[in-house]
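The structure is given below, and queries will be raised subsequently.
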Amino acid sequence: MRAMDNTPYKQKDLLSAEEVARYFGVGQITVYRWCKEGRLQCIKLGKHWRIRREALEDFLRQHEERSTTLVGLLSSFLRVPDNVLAIAQNIDILHRLDAAFFRVGDSQGGLLVKFYGGEEKSEEELRVRFEKNGLEVERLEREGRFLMRAEEGPLDARGTTLRRLIEEETGEGRTVWASFDWVGQVELDTALKQQERLTELVDSGQLVVKTATLEEVTDQWPSSALRQGHSLHSGVILASESELSLSRARPMPSS
C-alpha cells in the first residue's frame with residue numbers, strides 16, 4: 001500500500017478501511033487492494049491504515065467519471081449476493097457483458113468462473129475476446145482467480161460445481177462470480193429449472209450469477225414464460241447496440 005506523508009491529520013478527518021468498505025458495500029480486502037494499487041491514497045498510523053476524507057472524495061469523483069462506462073454502470077447495479085438475467089441483442093454484446101461482469105468481480109477480489117457450452121468459439125477464442133474487452137485473463141489465471149468450465153448442457157452439474165466453489169472460497173473470504181450463457185435455443189422447462197436451482201444457491205452463499213442469452217432465444221418464449229424467467233432473478237439487464245437497461249423488481253408498496 002502506498003503511504004502518504006506524515007502530515008498530522010485530525011482524527012475526524014480519517015476513515016478506517018472498515019468504514020470505507022461499508023460505504024461502498026465491498027469487503028475490506030477490496031479497500032486494501034485499492035490502496036495497494038494507488039487508486040485510493042492511504043496513510044499508516046501504527047499498525048492501521050487510514051483514508052483521509054479528502055482522498056475518499058477524490059476517489060468518489062473518479063468513480064463517478066467511470067460510472068458512464070459499461071463496467072461502471074454494472075458496478076453500481078450488481079450486488080452481493082445477486083442473480084441477474086441479461087438479454088443481449090447479439091453475440092458481440094453478450095461477450096462485452098461477460099467481460100464487464102467479470103471486471104466488476106475482479107475489482108471486488110472475487111473468484112471468476114466462466115461456464116460455456118454451445119458456442120461456436122473455442123475456449124482460447126473466448127479468452128482472446130475477454131482480453132479484447134478489457135479483462136486481464138492472464139493475470140487473473142496467475143492469481144488463481146479465473147476459471148473456465150466447459151459444459152455439455154444447461155443443467156450439466158452447474159449446481160454441484162458452484163456449491164463446491166462457494167464452500168472453498170467462503171474460507172478465503174471471496175465471493176464467486178459465475179457467468180452462464182445461452183447462445184442457442186434452450187427448452188423452456190430446462191431453462192426455468194436451471195434458474196430455480198441457481199436461485200437457491202444464490203440465496204445460500206456468497207455468489208453473484210449472471211445468466212445471459214440472446215434476443216433471438218427469448219423471442220421464441222411466450223410472454224408468460226418470459227415473465228416467469230424475470231421473476232426468478234433479482235435484476236434484469238437488456239443490452240442492444242444503442243441502449244442499456246438495468247432494472248430490479250421491487251415489492252408492491254402498500255396503498
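So if each residue of separation counts as 0.36 nm, and I subtract the Cα-Cα distance between ALA225 and SER247, what length gain in nm does that give?
Extra length from ALA225 to SER247 when fully extended: 6.1 nm.
On a 1.4 Å probe surface of the protein chains, which of LYS132, LYS44 comes out largest in accessible area, and what is the full order?
Sorted descending by solvent-accessible area, the residues read LYS132, LYS44.
Taking 0.36 nm per residue of sequence separation and subtracting the Cα-Cα distance, how much length would be gained by fully extending the chain between TYR23 and LEU147, in nm to one decimal?
41.7 nm
Over all directions, what mean area does the Cα convex hull of segment 212-252 project, stated in square nanometres?
Details: hull surface 13.8 nm².
Directional mean of the projected Cα hull area for segment 212-252 stands at 3.5 nm².
Taking a 1.4 Å probe, which of VAL80, VAL113 shows the most accessible area, and what order do the others take after it?
VAL80, VAL113
Give me the number: length gained by fully extending LEU232 to VAL128, i.e. 0.36 nm times residue separation minus the C-alpha to C-alpha distance, one decimal in nm.
So the extension gain works out to 34.3 nm.
Rounded to the nearest whole Å³, what is the per residue volume of the convex hull around the Cα atoms of segment 93-136? Please report the intermediate quantities before stating the final value.
Details: hull volume 3.0 nm³, N = 44.
Spread over its residues, the Cα hull of segment 93-136 gives 69 Å³ apiece.
Here is a further query. Would you mind computing, in nm to one decimal, how far apart the modelled labels at SER240 and THR161 are, each placed 7 Å from Cα along Cα→Cβ?
So the label points at SER240 and THR161 sit 3.3 nm apart.
Still on this structure, please answer the following. ARG163 accessible area, nearest 10 Å², 1.4 Å probe?
The accessible area of ARG163 comes to roughly 120 Å².
Would you please give the FRET efficiency between ASN90 and GLU138, computed as 1/(1 + (r/R0)^6) with r the Cβ-Cβ distance and R0 = 22 Å, to the nearest 0.05? Walk me through the numbers before you get to the answer.
Details: r = 27 Å, r/R0 = 1.22.
It comes to 0.25.
Starting from a Cα-only point model with no solvent, please compute log10 I(q)/I(0) by Debye for segment 70-170 at q = 0.18 1/Å.
Calculated log10 I(q)/I(0) at the listed q: -0.98.
Next question. Largest first, what is the accessible-area ranking of TYR32, TYR23 with a 1.4 Å probe? It would help to have the intermediate numbers written out before the result.
Details: TYR32 85, TYR23 145 Å².
Heavy-atom accessible area, descending, gives TYR23, TYR32.
When only C-alpha pairs under 8 Å and at least 6 residues apart count, what is the relative contact order of segment 15-87, in percent?
Dividing the mean separation by the residue count of segment 15-87 yields 21 percent.
The values are calculated or read from the model by the stated rules, or taken from the named source; none is laboratory data. Worth saying up front: this structure is predicted, and the values here are computed from it rather than measured. All Cβ positions, glycine included, derive from the backbone under ideal geometry; neighbour counts span all protein chains shown. Note: accessible area is taken over every heavy atom of the protein model, side chains too, but ligands, DNA and RNA are not part of it. Shrake-Rupley method; radii C 1.70, N 1.55, O 1.52, S 1.80 Å.
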